[in-house]
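Single-structure report; data block below.
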Amino acid sequence: MSLALPHVLDAAAAVAPDAQAAVNEQTLLVSELNHRTIKSAERWLHDGRRPGDRVEFAPPETSADVIEMLGAVRIGLVVGDAPVAPTAPVRGPSPDRHVVESRLWSATPMAVLGGRTWTHGEVITGIDDPVDFALDPLLPLFEVLRSIVATMTSAPIPVHRGDGELLGHLAPCGDGWEPRTVFGLPLAGPMSADEAEEHLRTHGLSSLAEPWELLHGSTWIRVDIAEAGPRRVTVSFADFGRPELYGTRLTLCDPTPGILRRA
């Protein structure tokens, strides 16, 4: 998850499931909106559509129209504003939706409008000021995203590798986006969304193999990362100078830089 639409929707549903999102003439709970876009996405896959296929949408007039567009976009279909050669549906078993979505990131094309390709990252980071008139067909989608992002202004967005493994999170902050570890500690300062995502793809997992330090009493002691998950990390004491602690494991929930840091 990265700054791709399915990851933003999933993160919003996890952080603020009971928040409300405006979807054309309706107001839906974020959890319901996410569920309905998932069902739409699965229908697209069942019908033989695959990531990268172009689909033409008339300007969506109802909430159902918007949800169908969101469902298409969340599995990597590309919205077009002009007639395109129809893509022959693929026959055979549908791919796993989770795998399809895990391969989308900020640079994945979302739409080809006015002769220009717009990526997921460009659309999501530009929701507050879609000044290009070529984006008019996406305005209902912008409105939905505005509603969703307003509910999760501080919620980290997960970034996954192509095989689905979690690499870390992108945390919105006043000066941009902060790349964070799987368990939530900053890896670098604020930067652009694309830079933060690239930083995670380069350093997210490798940082777990680096030496870390844990504040024990008033002393920083060398530790290794033994296990890591969202908001949780298990460290193993690795300071030969502290034989009474060496090899001992300790699990931390929601660790802070004041407790755990890279050595």
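Please label the shape of segment 154-215 as rounded, prolate or oblate, based on the square roots a ≥ b ≥ c of the eigenvalues of the alpha-carbon gyration tensor (a/c under 1.5 means rounded; beyond that, a/b larger than b/c means prolate, else oblate). Don't jump to the answer; show the numbers that get you there.
Values: a/c = 1.71, a/b = 1.15, b/c = 1.48.
It is oblate, given that a/c is not under 1.5 and a/b is not larger than b/c.
According to the square roots a ≥ b ≥ c of the eigenvalues of the Cα gyration tensor, what is the shape class of segment 217-262, taking rounded for a/c under 1.5, prolate for a/b larger than b/c otherwise, and oblate for the remainder? Spell out each step's value before the answer.
On the way: a/c = 2.39, a/b = 1.47, b/c = 1.63.
Judged from the Cα gyration tensor, segment 217-262 comes out oblate (a/c at least 1.5, b/c at or above a/b).
Report the gain in length on full extension from Thr234 to Arg146: 0.36 nm times residue separation, minus Cα-Cα distance, nm rounded to one decimal.
Numbers: separation 88, 0.36 × 88 = 31.68 nm, distance 3.66 nm.
Extra length available between Thr234 and Arg146 comes to 28.0 nm.
Bear in mind these aren't lab numbers, they're just calculated from the coordinates by the rules spelled out. None of these values were measured; they are calculated from a predicted model.
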